[in-house]
Amino acid sequence: MGTGPERVVVFGATSAIAAEAAVIYAARGARLHLVGRNAEKLEGVASRCRRERAAGAEISTQAADFAELDDNAAVVASAVAALAGIDIALVAHGDLGDQLASERAFEDAEPILRVNFTSVVSLLVPLANHLESVRSGRIGVITSVAGERGRPRNYTYGAAKGALNVYLQGLRTRLYRSGVSVTTLKLGPVDSPMTRGHSKHLLFGKPESVARGIVRAVDARRPEAYLPAVWGAIMPLIKRVPEGLFQRLPFLSGR
């Protein structure tokens, strides 16, 4: 990063968590480029960032559907051009999809895999190539604790996030010698529109606090971060439960 304002791009900026992160970056004076599918919602996030922005902050927007995989290299190129380079990239889009439908037909499973894994990779390939060429930058990618253990209630989504976790491990090591950091952001459930139909419990995070944790983790160049942090203690235990026992415990193996 040079001496000017941070240049930050947020892919999936209309999600509740990403919008909160964008506001944090605007408040500290970053030049922001916000990318999302819904132009109207995108402008709403941009307007909020403009209200909160510190001196020097600039906000631009771009509508894009990340599921259109062949377009994503151009989406990244547009972000690089809009900001004249990138210091921080946050990849924040995703979709739970319909688990039951994904079990009945591949045509329902494939969009979940595409949105949560393939589309992310199609952004990360050109993004990583650019940052590697300039030998600086930070990448943060939102994944999920669902990618750490397959559960009947969300294993299609979890499989995509698990594949993404492995991809990010390799990418992080590849980019290490170039001075580019890659932070895997393993989120537990968050009280947001994405989980509107889910029963809430004490372990659900709030978008504002999770966004603050995301920004801190990316700033610190942490390899991985569980958010809320309590999941960092919970998931190692869940991963160690033998499968035979796991299948007999309804709170783990139930729908």
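Just a few scattered comments:
- As a length-normalised measure over Cα pairs under 8 Å and 6 or more apart, the relative contact order of the chain settles at 17 percent.
- Between ASP108 and ALA27, the FRET efficiency estimated from the beta carbon spacing at R0 = 30 angstrom works out to 0.15.
- Pairwise label distance in nanometres, ARG222 with LEU203, each label 7 Å out on the Cα-Cβ vector: 1.8
- Label zone of ALA74 (point 7 Å out along Cα→Cβ, amide N under 18 Å): in segment 10-50 this covers 35-39.
- Cleavage-rule hits (trypsin sites (Lys or Arg not before Pro)) in segment 77-152: DSSP loop, at most 16 neighbouring Cβ within 10 angstrom: ARG135
- Summed residue charge, Cβ within 11 Å of PRO111's Cβ, Lys/Arg positive, Asp/Glu negative: -4
- Efficiency of FRET from Cβ geometry, VAL125 and ARG240, R₀ 35 Å, rounded to 0.05: 0.55
- Summing charges over all other residues whose Cβ lies under 14 Å from the Cβ of VAL241, with Lys and Arg as +1 and Asp and Glu as -1, gives +3.
- Going from the fewest other Cβ atoms within 10 Å to the most, the residues THR118, THR156, THR173 appear in the order THR173, THR118, THR156.
Throughout, read-outs are computed from the coordinates displayed, never taken from laboratory work. Everything numeric here is computed off the predicted structure, so don't read it as measured data. Here the Cβ is made from the backbone with ideal geometry for all residues, glycine too, and neighbour counts use every protein chain on show.
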